1. When the range 12-28 is examined, which residues are found to be at pLDDT 90 or above and surrounded by 14 or more Cβ atoms within 10 Å (Cβ to Cβ)?
2. Among the listed residues G87, G47, identify the single one that is out of contact with any Leu (no Cβ under 8 Å at 6 or more places or on another chain), over 22 Å from F182 (Cα atoms) and not in a strand (DSSP E or B).
3. With respect to S148, is the statement that it is assigned to a loop (DSSP other than H, G, I, E, B) and touching a residue at least 60 places away in the same chain (Cβ under 8 Å) true?
4. Got a sec? Which of D84, D78, D67 is exposed (fewer than 14 other Cβ atoms within 10 Å of the Cβ), in the same structural domain as V114 (by TED's automatic domain parsing) and acidic (D, E)?
5. Looking only at residues in the range 30-46 that are surrounded by fewer than 13 Cβ atoms within 10 Å (Cβ to Cβ) and not small (G, A, S), which one is modelled with the lowest pLDDT?
6. Looking at the range 91-127 only, could you name the residues that are surrounded by 17 or more Cβ atoms within 10 Å (Cβ to Cβ) and part of a helix (DSSP H, G or I)?
7. Kindly indicate whether any position in the range 90-112 is in contact (Cβ under 8 Å) with a residue 60 or more places away in the chain, under 21 Å from P226 (Cβ atoms) and of a type outside the set (V, I, T).
8. Within the range 166-178, identify whether any single residue is closer than 16 Å to F217 by Cα and either polar (S, T, N, Q) or in contact with a strand residue (DSSP E or B) (Cβ under 7 Å, 6 or more places away or on another chain) (or both), and answer yes or no.
Amino acid sequence: MHPKIGQVYTRSRNGKAEVVRVVAIADEWVEFRYLHGPERAMRLGIGRCKAKNFASAGWKPTEEREDYSHLDGATRFDTFQVLDTHGKPILRCSAKRAAFYLRKKLAREVSSGVLQFNDPQIEERIRTMSVEGFTEFFLEVKNDRCVSCGATSDLTRHHVLPKRHKKNVPQPWRSCLSNVLFVCGACHRKYEETPEPEVVPTADWQAYVRAWRDHFFNVLQPKCVPAGWDIISVKNLEALSSAECGARNAE
């Protein structure tokens, strides 16, 4: 990509969008003026980089607008609706998970953004892990708004059980957590300004993670949590434990 004078470009840096307009290109250098970005960038006002490095630095063309706040926050990746072998919608998955299903030939893409399982065994395994079956939570779009206030911009991925504390949950139970919720920047700052609870790890890992869930709810009182969400998403813990034991015995 060759930058053009007058064109507006954007990139994401640590969850904050930077938006610039290219104002000059000379002697292999691109000079641009900041239209939107972190306080430091806006104070600088202008910046520059070598033309050959412009694209690799992450700059991409964008349309000119009066407000660019909708670009702030975590990148929201596409999600895919997944059908069972009979064509009934049963869950929604991330683009990464969809790529895994396609690569392993566990599913095929039947239309844009829609996959269908090829083998009933994979859907049966997922069904087994949830005693309640495929509830409405499985089909929810979970990355489109702040779960606290409903804002649709400046979203961040919030770990209900902080990543640094996840090690306190033994395997295989870590894999059964639905630990990430989307929170806007303002709500996230409110949460971070609140002292952390004094939660001591114990043998009762379920009580431990639910204490963090309760702290999150007490601080932000979320109004837009995806229907059916709980921090422990796998309900059939006995099946997960049996699967883990089977895998170990096969090694």
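The values are calculated or read from the model by the stated rules, or taken from the named source; none is laboratory data. Treat the numbers as computed from the prediction; the structure is a model and nothing was measured. Here the Cβ is made from the backbone with ideal geometry for all residues, glycine too, and neighbour counts use every protein chain on show.
1. Result: E18, V19, V20, R21, V22, I25.
2. Details: G47 fails: not in a strand (DSSP E or B).
Selected residue: G87, the only one of G87, G47 that is out of contact with any Leu (no Cβ under 8 Å at 6 or more places or on another chain), over 22 Å from F182 (Cα atoms) and not in a strand (DSSP E or B).
3. Against the criterion (assigned to a loop (DSSP other than H, G, I, E, B) and touching a residue at least 60 places away in the same chain (Cβ under 8 Å)), S148 qualifies.
4. Exactly one residue qualifies, and that residue is D78.
5. Narrowing the range 30-46 to residues surrounded by fewer than 13 Cβ atoms within 10 Å (Cβ to Cβ): 39-40, 42-46.
Still in the running and not small (G, A, S): 39-40, 42-44, 46.
On the way: E39: 83, R40: 86, M42: 91, R43: 91, L44: 90, I46: 94.
My answer is E39.
6. Those that are surrounded by 17 or more Cβ atoms within 10 Å (Cβ to Cβ) and part of a helix (DSSP H, G or I): A98, Y101, I122, E123, I126, R127.
7. Kept after step one, since they are in contact (Cβ under 8 Å) with a residue 60 or more places away in the chain, are these residues of the range 90-112: none.
No: the range 90-112 contains no residue that is in contact (Cβ under 8 Å) with a residue 60 or more places away in the chain, under 21 Å from P226 (Cβ atoms) and of a type outside the set (V, I, T).
8. Of the range 166-178, the ones closer than 16 Å to F217 by Cα are 178.
Imposing the further condition that a residue be either polar (S, T, N, Q) or in contact with a strand residue (DSSP E or B) (Cβ under 7 Å, 6 or more places away or on another chain) (or both) reduces the set to 178.
Yes; the residues of the range 166-178 include at least one that is closer than 16 Å to F217 by Cα and either polar (S, T, N, Q) or in contact with a strand residue (DSSP E or B) (Cβ under 7 Å, 6 or more places away or on another chain) (or both).
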